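**Student:** Supplied in structure tokens, the structure appears directly below.
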Amino acid sequence: MDWVERVGNLRQWAQNGARAPHKPLLMLYALGWFQRLPQRPMRYSEIEHDLSELLQDYGPTHRTSPSYPFHHLVSDGVWEVRTDSGDGSPGTGVRALRESGARGQLAAGLRGALSDDPTLLGQLAQLLLDRHFPPSAHPDIAAAVGLDLETAEGIRVASGPVPGRRRAAELRGRVLIAYEYRCAFCGFDGSIGRVPVGLEAAHVQWWAFRGPDELANCLCLCSLHHKLFDRGVLGLDSGRRITVSQEFTGHSRAAREQVLGLSGQAVIGPQRGSAQVAPAYITWHTAQVFRGEPRVPEGV
């Protein structure tokens, strides 16, 4: 059984480029659970709150019940569910899952493979992160699901071939040149010697969701604003002005200056002759990543 292939091809609801990372989030949660408690199943009523928070924090902008991935992941052959009365899931009804004592865990064959091959857990975790989430979110998601990637073996094996990393480095170079080594949101332009630090190439439509490696789909952002952009705190409107989510709260001077004060500001760059962010990618980010409604800029 090729578990890497099976986990990499989880069937997901898809429509018009919408994100549906419900199964990947449950799989990551299950891998973290297995890392800590390899023989213990997960009772739905015990993990329902955790799954709800994962879907709220890292899932699509519309709410989805955690009962859906808990039930439907069985069809991918990597997950099994039992109730107090025997094998099989009672369905997606929350009440049925609770009252039946439904318990889920990784499929028996996968548990055996994970036990036999210490590198497999790290490979599967990195595969799921790479295929469904932007790199800036990987450490936060791993922490949220209880995955210790520092001790999981095989991470380097799963992180992709050298050509993929080379393409990422080449793209970053093109993006930094286009934006003249400045964050497009705040203008940060730090370097140590001749080497820029804290500046990154940010995909607007995520690479994991077929966002192309081209300037029209990228911004040069500092590390802080890259993470906030990928988490939906910051976005862009059709005029390429910065939007700030109404759901963001911050009362410190830094929060006011580095986040709230950006609302309505025009993006800095790119230089003349370089492609600006294309409207189609802004539309995708607004629909799939940006959280809630944008704040009204001060003075408007």
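The values are calculated or read from the model by the stated rules, or taken from the named source; none is laboratory data. Everything numeric in this text was worked out from a predicted model, so none of it was measured. Quick reminder, even Gly has a Cβ in these numbers, built from the backbone with ideal geometry, and neighbours come from all protein chains shown.
**Student:** Note down all Cβ pairs under 6 Å where the first residue falls in the range 32-55 and is without any contact (Cβ under 8 Å) to a residue 60 or more places away in the chain, the second is of a type in the set (Lys, Arg), and they're at least six residues apart or on different chains.
**Tutor:** Taking only residues 6 or more apart or on different chains, the pairs are Ser45/Arg98.
**Student:** Criterion first (buried (at least 18 other Cβ atoms within 10 Å of the Cβ), under 17 Å from Leu26 (Cβ atoms), among the polar types (S, T, N, Q) and at pLDDT below 95) does Ser75 satisfy it?
**Tutor:** Spelling it out, it is not the case that Ser75 is buried (at least 18 other Cβ atoms within 10 Å of the Cβ), under 17 Å from Leu26 (Cβ atoms), among the polar types (S, T, N, Q) and at pLDDT below 95.
**Student:** What pairs can you find where one residue is in the range 218-233 and assigned by TED's automatic domain parsing to the domain that holds Gln271, the other is assigned to a loop (DSSP other than H, G, I, E, B) and among the charged types (D, E, K, R), and their Cβ atoms are less than 7 Å apart, with a gap of 6+ or different chains?
**Tutor:** Cys220/Arg182; Gly232/Arg291; Val233/Arg291
**Student:** For residues in the range 42-54 being surrounded by 21 or more Cβ atoms within 10 Å (Cβ to Cβ) and either closer than 29 Å to Trp284 by Cα or not assigned by TED's automatic domain parsing to the domain that holds Gly146 (or both), which is modelled with the highest pLDDT?
**Tutor:** Of the range 42-54, the ones surrounded by 21 or more Cβ atoms within 10 Å (Cβ to Cβ) are 42, 44, 51, 54.
Adding the requirement that they be either closer than 29 Å to Trp284 by Cα or not assigned by TED's automatic domain parsing to the domain that holds Gly146 (or both) leaves 51, 54.
Working: Leu51: 94, Leu54: 91.
Among those residues, the one meeting the criterion is Leu51.
**Student:** Just one of the numbered conditions (1) modelled with pLDDT of 70 or more; (2) assigned by TED's automatic domain parsing to the domain that holds Arg36; (3) of a type in the set (A, V, I, L, M, F, W, C) is not true of Ala152; which one?
**Tutor:** Only one criterion in (1) modelled with pLDDT of 70 or more; (2) assigned by TED's automatic domain parsing to the domain that holds Arg36; (3) of a type in the set (A, V, I, L, M, F, W, C) is unmet by Ala152, namely (1).
**Student:** If Glu80 meets every condition in (1) crowded, with 16+ Cβ neighbours inside 10 Å; (2) out of contact with any Phe, Trp or Tyr (no Cβ under 8 Å at 6 or more places or on another chain); (3) in contact (Cβ under 8 Å) with a residue 60 or more places away in the chain apart from one, which number is that one?
**Tutor:** (3)
**Student:** Looking only at the range 55-66, decide whether some residue is over 20 Å from Phe133 (Cβ atoms) and at pLDDT below 95.
**Tutor:** Looking through the range 55-66, at least one residue is over 20 Å from Phe133 (Cβ atoms) and at pLDDT below 95.
**Student:** Quick one: which helices (runs of 4 or more DSSP H) lie wholly within the range 1-97 and hold at least 1 residues that are over 24 Å from Leu149 (Cβ atoms) and in contact with a Leu (Cβ under 8 Å, 6 or more places away or on another chain)?
**Tutor:** 44-58, 67-72
Condition check ((1) on the phi > 0 side of the Ramachandran plot; (2) at pLDDT 95 or above) across all residues:
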residue	(1), (2)
Ala208	no, no
His225	no, yes
Gly235	no, yes
Arg240	yes, yes
Phe248	no, yes
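**Student:** Please verify whether Pro90 is of a type outside the set (Gly, Ala, Ser), touching a strand residue (DSSP E or B) at 6+ places or on another chain (Cβ under 9 Å) and modelled with pLDDT under 95, treating the condition exactly as stated.
**Tutor:** It is true that Pro90 is of a type outside the set (Gly, Ala, Ser), touching a strand residue (DSSP E or B) at 6+ places or on another chain (Cβ under 9 Å) and modelled with pLDDT under 95.
**Student:** Go through Thr61, Thr92 for me and flag whichever is hydroxyl-bearing (Ser, Thr, Tyr), closer than 30 Å to Gly232 by Cα and out of contact with any His (no Cβ under 6 Å at 6 or more places or on another chain).
**Tutor:** Thr61
**Student:** Right, another one. Sort out which residues of the range 108-139 are in a helix (DSSP H, G or I) and touching a Gly at 6+ places or on another chain (Cβ under 6 Å), and write them in order of number.
**Tutor:** Within the range 108-139, Gly122, Gln123, Leu127 meet the criteria.
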